[in-house]
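Below: one structure, written as C-alpha coordinates.
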Amino acid sequence: MILPLVKGIMFMFLTGLGVVGNTFVLVNNMSLFRGTMKSIHLILINLSFANIITLLTGGMPRTISSFGLRNFIDDITCKTVVYLSRVARGLSICTTSLLTVAQAITISPRASRWRRLQPRSAWHLLPLLLFLWILNSVISMNLPFYIKNISSMNTSQIISSDNYCYLQSQHWTIRWIFIVFLVSRDAVFQGVMGGASGYMVFLLHKHHQQVLYLQTSKLLHRTPPEVKAAKSVLLLMLCFLFFYWADCFMALYVTFFFEKHFIEVIVLQLVELGYAILSPVVLIHREGHLADCWRGH
(Lines give C-alpha, C1' and ligand atoms only; values in the text may rest on other atoms or scores of the structure.)
Protein backbone atom coordinates (compact mmCIF):
# COMPACT_ATOMS: atom_id res chain seq x y z
CA MET A 1 0.00 0.00 0.00
CA ILE A 2 2.90 2.35 0.79
CA LEU A 3 4.75 1.78 -2.51
CA PRO A 4 1.79 2.74 -4.76
CA LEU A 5 1.24 5.85 -2.61
CA VAL A 6 4.91 6.84 -2.98
CA LYS A 7 4.65 6.18 -6.72
CA GLY A 8 1.57 8.39 -6.97
CA ILE A 9 3.19 11.27 -5.06
CA MET A 10 6.36 10.98 -7.16
CA PHE A 11 4.48 10.99 -10.47
CA MET A 12 2.30 13.88 -9.31
CA PHE A 13 5.37 15.96 -8.41
CA LEU A 14 7.34 15.18 -11.59
CA THR A 15 4.32 15.61 -13.86
CA GLY A 16 3.46 18.93 -12.24
CA LEU A 17 7.07 20.09 -12.51
CA GLY A 18 7.22 19.12 -16.18
CA VAL A 19 3.89 20.76 -17.02
CA VAL A 20 4.92 24.01 -15.30
CA GLY A 21 8.29 24.04 -17.09
CA ASN A 22 6.83 23.33 -20.51
CA THR A 23 4.05 25.88 -19.96
CA PHE A 24 6.68 28.50 -19.17
CA VAL A 25 8.57 27.65 -22.38
CA LEU A 26 5.31 27.67 -24.35
CA VAL A 27 4.12 31.05 -23.05
CA ASN A 28 7.57 32.63 -23.33
CA ASN A 29 8.00 31.56 -26.96
CA MET A 30 4.48 32.63 -27.84
CA SER A 31 5.28 36.14 -26.61
CA LEU A 32 8.62 36.11 -28.45
CA PHE A 33 6.94 34.83 -31.61
CA ARG A 34 4.45 37.71 -31.59
CA GLY A 35 7.34 40.15 -31.42
CA THR A 36 9.88 38.56 -33.77
CA MET A 37 7.93 36.06 -35.92
CA LYS A 38 10.93 33.69 -35.99
CA SER A 39 10.76 30.02 -36.93
CA ILE A 40 12.65 28.81 -33.86
CA HIS A 41 9.90 30.06 -31.55
CA LEU A 42 7.26 28.20 -33.56
CA ILE A 43 9.29 24.98 -33.29
CA LEU A 44 9.73 25.38 -29.54
CA ILE A 45 6.00 26.11 -29.12
CA ASN A 46 5.23 22.84 -30.91
CA LEU A 47 7.78 20.91 -28.83
CA SER A 48 6.58 22.24 -25.49
CA PHE A 49 2.93 21.63 -26.43
CA ALA A 50 3.74 18.02 -27.37
CA ASN A 51 5.57 17.60 -24.06
CA ILE A 52 2.56 18.91 -22.12
CA ILE A 53 0.30 16.38 -23.88
CA THR A 54 2.80 13.62 -23.07
CA LEU A 55 2.84 14.53 -19.38
CA LEU A 56 -0.93 14.95 -19.05
CA THR A 57 -1.75 11.69 -20.87
CA GLY A 58 1.12 9.69 -19.39
CA GLY A 59 1.73 11.13 -15.95
CA MET A 60 -1.70 12.11 -14.65
CA PRO A 61 -3.50 8.77 -15.29
CA ARG A 62 -0.65 6.88 -13.62
CA THR A 63 -0.77 9.25 -10.69
CA ILE A 64 -4.52 8.73 -10.23
CA SER A 65 -4.30 4.95 -10.70
CA SER A 66 -1.49 4.77 -8.12
CA PHE A 67 -3.91 6.17 -5.53
CA GLY A 68 -6.21 3.19 -6.17
CA LEU A 69 -8.69 4.75 -8.63
CA ARG A 70 -8.26 2.30 -11.51
CA ASN A 71 -11.73 2.69 -12.98
CA PHE A 72 -11.65 6.47 -13.11
CA ILE A 73 -11.99 6.74 -16.93
CA ASP A 74 -14.42 5.19 -19.36
CA ASP A 75 -13.66 3.35 -22.59
CA ILE A 76 -13.69 6.43 -24.87
CA THR A 77 -11.49 8.45 -22.54
CA CYS A 78 -9.05 5.55 -22.34
CA LYS A 79 -8.78 5.40 -26.14
CA THR A 80 -8.26 9.17 -26.31
CA VAL A 81 -5.58 9.23 -23.61
CA VAL A 82 -3.49 6.43 -25.13
CA TYR A 83 -3.89 7.78 -28.68
CA LEU A 84 -2.85 11.32 -27.73
CA SER A 85 0.09 9.95 -25.76
CA ARG A 86 1.38 8.06 -28.81
CA VAL A 87 0.85 11.04 -31.13
CA ALA A 88 2.67 13.37 -28.72
CA ARG A 89 5.59 10.95 -28.47
CA GLY A 90 5.95 10.95 -32.26
CA LEU A 91 5.70 14.74 -32.38
CA SER A 92 8.47 14.97 -29.80
CA ILE A 93 10.78 12.93 -32.05
CA CYS A 94 9.91 14.90 -35.20
CA THR A 95 10.05 18.35 -33.59
CA THR A 96 13.40 17.70 -31.89
CA SER A 97 14.77 16.60 -35.27
CA LEU A 98 13.36 19.74 -36.90
CA LEU A 99 14.91 21.91 -34.19
CA THR A 100 18.31 20.30 -34.77
CA VAL A 101 18.10 20.89 -38.53
CA ALA A 102 16.99 24.51 -38.02
CA GLN A 103 19.94 25.20 -35.74
CA ALA A 104 22.37 23.52 -38.17
CA ILE A 105 21.09 25.80 -40.95
CA THR A 106 21.46 28.85 -38.71
CA ILE A 107 25.13 28.34 -37.86
CA SER A 108 26.12 27.29 -41.40
CA PRO A 109 28.19 29.81 -43.39
CA ARG A 110 26.19 32.41 -45.29
CA ALA A 111 27.51 31.13 -48.62
CA SER A 112 26.49 27.56 -47.79
CA ARG A 113 23.69 25.80 -49.66
CA TRP A 114 22.15 24.94 -46.29
CA ARG A 115 21.24 28.60 -45.82
CA ARG A 116 18.88 28.35 -48.79
CA LEU A 117 16.74 25.95 -46.75
CA GLN A 118 16.09 28.55 -44.05
CA PRO A 119 12.47 29.73 -44.30
CA ARG A 120 12.06 33.42 -45.03
CA SER A 121 9.07 33.58 -42.71
CA ALA A 122 7.86 31.52 -39.77
CA TRP A 123 4.55 31.06 -41.57
CA HIS A 124 6.38 29.01 -44.23
CA LEU A 125 7.07 26.47 -41.47
CA LEU A 126 3.40 25.95 -40.63
CA PRO A 127 2.69 23.45 -43.47
CA LEU A 128 5.61 21.30 -42.29
CA LEU A 129 4.38 21.32 -38.68
CA LEU A 130 0.87 20.48 -39.87
CA PHE A 131 2.31 17.59 -41.88
CA LEU A 132 4.06 16.26 -38.74
CA TRP A 133 0.77 16.34 -36.82
CA ILE A 134 -1.05 14.50 -39.63
CA LEU A 135 1.78 11.97 -40.03
CA ASN A 136 1.83 11.01 -36.36
CA SER A 137 -1.97 10.98 -36.14
CA VAL A 138 -2.16 8.52 -39.04
CA ILE A 139 0.65 6.29 -37.76
CA SER A 140 -1.19 5.85 -34.45
CA MET A 141 -4.71 5.52 -35.87
CA ASN A 142 -4.90 1.78 -35.14
CA LEU A 143 -4.73 2.25 -31.36
CA PRO A 144 -8.32 3.42 -30.68
CA PHE A 145 -9.66 0.19 -32.18
CA TYR A 146 -7.68 -2.06 -29.81
CA ILE A 147 -7.44 -0.06 -26.57
CA LYS A 148 -10.04 -0.91 -23.92
CA ASN A 149 -10.77 0.25 -20.41
CA ILE A 150 -9.82 -2.19 -17.65
CA SER A 151 -13.41 -2.62 -16.46
CA SER A 152 -14.68 -3.73 -19.90
CA MET A 153 -12.09 -6.48 -20.42
CA ASN A 154 -11.88 -10.16 -19.62
CA THR A 155 -8.51 -11.38 -18.38
CA SER A 156 -8.30 -13.78 -21.36
CA GLN A 157 -8.37 -10.85 -23.79
CA ILE A 158 -5.53 -8.89 -22.19
CA ILE A 159 -2.00 -8.92 -23.62
CA SER A 160 -0.53 -5.82 -21.94
CA SER A 161 -1.55 -3.50 -19.15
CA ASP A 162 -0.87 0.01 -17.91
CA ASN A 163 -3.15 -0.13 -14.85
CA TYR A 164 -6.09 1.69 -16.44
CA CYS A 165 -6.06 0.69 -20.14
CA TYR A 166 -5.45 -2.59 -21.93
CA LEU A 167 -4.26 -3.39 -25.43
CA GLN A 168 -6.20 -6.16 -27.14
CA SER A 169 -4.48 -8.55 -29.53
CA GLN A 170 -4.40 -7.35 -33.14
CA HIS A 171 -4.24 -9.21 -36.44
CA TRP A 172 -0.56 -9.83 -37.16
CA THR A 173 -0.73 -8.06 -40.55
CA ILE A 174 -2.13 -4.86 -39.05
CA ARG A 175 0.29 -5.01 -36.15
CA TRP A 176 3.37 -5.35 -38.36
CA ILE A 177 2.22 -2.66 -40.82
CA PHE A 178 2.03 -0.08 -38.04
CA ILE A 179 5.25 -1.33 -36.44
CA VAL A 180 7.04 -0.77 -39.77
CA PHE A 181 5.56 2.74 -39.95
CA LEU A 182 6.69 3.55 -36.40
CA VAL A 183 10.21 2.17 -36.86
CA SER A 184 10.60 3.92 -40.23
CA ARG A 185 9.50 7.25 -38.76
CA ASP A 186 11.88 6.97 -35.82
CA ALA A 187 14.78 5.84 -38.02
CA VAL A 188 14.30 8.62 -40.58
CA PHE A 189 13.97 11.46 -38.09
CA GLN A 190 16.79 10.21 -35.88
CA GLY A 191 18.96 9.84 -38.98
CA VAL A 192 18.20 13.45 -39.94
CA MET A 193 18.89 14.48 -36.35
CA GLY A 194 22.21 12.66 -36.38
CA GLY A 195 23.28 14.18 -39.72
CA ALA A 196 22.43 17.72 -38.63
CA SER A 197 24.15 17.19 -35.29
CA GLY A 198 27.29 15.86 -36.97
CA TYR A 199 27.35 18.94 -39.20
CA MET A 200 27.00 21.21 -36.16
CA VAL A 201 29.83 19.39 -34.38
CA PHE A 202 32.02 19.92 -37.46
CA LEU A 203 31.23 23.65 -37.55
CA LEU A 204 31.77 23.98 -33.78
CA HIS A 205 35.15 22.28 -34.16
CA LYS A 206 36.13 24.83 -36.81
CA HIS A 207 35.00 27.62 -34.52
CA HIS A 208 37.06 26.14 -31.68
CA GLN A 209 40.15 26.18 -33.89
CA GLN A 210 39.51 29.85 -34.68
CA VAL A 211 39.18 30.62 -30.98
CA LEU A 212 42.52 28.93 -30.26
CA TYR A 213 44.15 31.01 -33.01
CA LEU A 214 42.70 34.25 -31.62
CA GLN A 215 43.82 33.37 -28.10
CA THR A 216 47.30 32.59 -29.40
CA SER A 217 47.32 35.93 -31.23
CA LYS A 218 46.12 37.64 -28.02
CA LEU A 219 43.07 39.00 -29.81
CA LEU A 220 39.82 39.54 -27.97
CA HIS A 221 37.09 37.08 -28.86
CA ARG A 222 33.48 36.79 -27.82
CA THR A 223 31.59 33.56 -28.42
CA PRO A 224 28.72 34.34 -30.81
CA PRO A 225 25.17 33.44 -29.72
CA GLU A 226 24.86 31.04 -32.68
CA VAL A 227 27.58 28.83 -31.18
CA LYS A 228 26.00 28.91 -27.70
CA ALA A 229 22.59 28.07 -29.19
CA ALA A 230 24.06 25.19 -31.20
CA LYS A 231 25.58 23.71 -28.04
CA SER A 232 22.19 24.02 -26.32
CA VAL A 233 20.41 22.19 -29.14
CA LEU A 234 23.07 19.46 -29.13
CA LEU A 235 22.54 19.03 -25.38
CA LEU A 236 18.79 18.79 -25.95
CA MET A 237 19.32 16.20 -28.70
CA LEU A 238 21.57 14.10 -26.45
CA CYS A 239 18.91 14.31 -23.74
CA PHE A 240 16.29 13.05 -26.20
CA LEU A 241 18.45 10.18 -27.50
CA PHE A 242 19.30 9.06 -23.96
CA PHE A 243 15.65 8.81 -22.89
CA TYR A 244 14.53 7.34 -26.22
CA TRP A 245 16.98 4.44 -26.18
CA ALA A 246 16.68 3.95 -22.42
CA ASP A 247 12.93 3.62 -22.97
CA CYS A 248 13.49 1.04 -25.73
CA PHE A 249 15.86 -1.09 -23.66
CA MET A 250 13.76 -0.87 -20.50
CA ALA A 251 10.63 -1.84 -22.46
CA LEU A 252 12.43 -4.92 -23.82
CA TYR A 253 13.76 -5.69 -20.34
CA VAL A 254 10.32 -5.56 -18.72
CA THR A 255 8.37 -7.19 -21.56
CA PHE A 256 10.49 -10.11 -22.73
CA PHE A 257 13.26 -11.05 -20.35
CA PHE A 258 12.12 -10.70 -16.76
CA GLU A 259 9.01 -10.64 -14.66
CA LYS A 260 7.28 -7.30 -14.29
CA HIS A 261 8.46 -6.25 -10.86
CA PHE A 262 7.15 -3.05 -9.32
CA ILE A 263 10.48 -1.15 -9.42
CA GLU A 264 11.28 -2.04 -13.04
CA VAL A 265 7.83 -0.90 -14.20
CA ILE A 266 8.17 2.42 -12.34
CA VAL A 267 11.61 3.04 -13.88
CA LEU A 268 10.19 2.33 -17.35
CA GLN A 269 7.29 4.74 -16.80
CA LEU A 270 9.64 7.45 -15.52
CA VAL A 271 11.96 7.01 -18.50
CA GLU A 272 8.98 7.37 -20.85
CA LEU A 273 8.28 10.80 -19.34
CA GLY A 274 11.91 11.77 -18.76
CA TYR A 275 12.45 13.86 -21.90
CA ALA A 276 9.20 15.79 -21.45
CA ILE A 277 10.21 16.58 -17.85
CA LEU A 278 13.87 17.45 -18.43
CA SER A 279 13.78 19.24 -21.81
CA PRO A 280 12.18 22.46 -20.45
CA VAL A 281 14.98 22.65 -17.87
CA VAL A 282 17.53 22.64 -20.71
CA LEU A 283 15.50 25.15 -22.72
CA ILE A 284 14.92 27.54 -19.82
CA HIS A 285 18.60 27.46 -18.87
CA ARG A 286 19.76 28.03 -22.44
CA GLU A 287 16.84 29.96 -23.92
CA GLY A 288 18.72 33.26 -23.82
CA HIS A 289 21.26 31.89 -26.28
CA LEU A 290 18.54 30.64 -28.62
CA ALA A 291 16.74 33.98 -28.52
CA ASP A 292 19.94 35.94 -29.16
CA CYS A 293 20.85 33.62 -32.00
CA TRP A 294 17.53 33.93 -33.82
CA ARG A 295 16.96 37.62 -33.10
CA GLY A 296 19.11 38.53 -36.04
CA HIS A 297 17.85 35.84 -38.44
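The values are calculated or read from the model by the stated rules, or taken from the named source; none is laboratory data. These numbers come from a predicted model, not from an experiment. Positions of Cβ are backbone-derived with ideal geometry, glycine not excepted, and every protein chain shown enters the neighbour counts. Calculation scope for accessible area: heavy atoms of the full protein, side chains included, ligands and nucleic acids excluded. Shrake-Rupley method; radii C 1.70, N 1.55, O 1.52, S 1.80 Å.
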Exercise. Please work out the FRET efficiency for the pair Lys231 and Met60, using the Cβ-Cβ distance as r and a Förster radius of 25 Å; give the result to the nearest 0.05.
Key: 0.15
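Mind checking the full-extension length gain between Phe24 and Ser137? Use 0.36 nm per residue of separation minus the Cα-Cα distance, one decimal, nm. Could you put the intermediate results ahead of the total?
Working: separation 113, 0.36 × 113 = 40.68 nm, distance 2.59 nm.
Extending this stretch completely gives an extra 38.1 nm.
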Quiz prompt | Ranking by accessible area, most exposed first, for Leu182, Leu129 with a 1.4 Å probe | solution = Leu182, Leu129
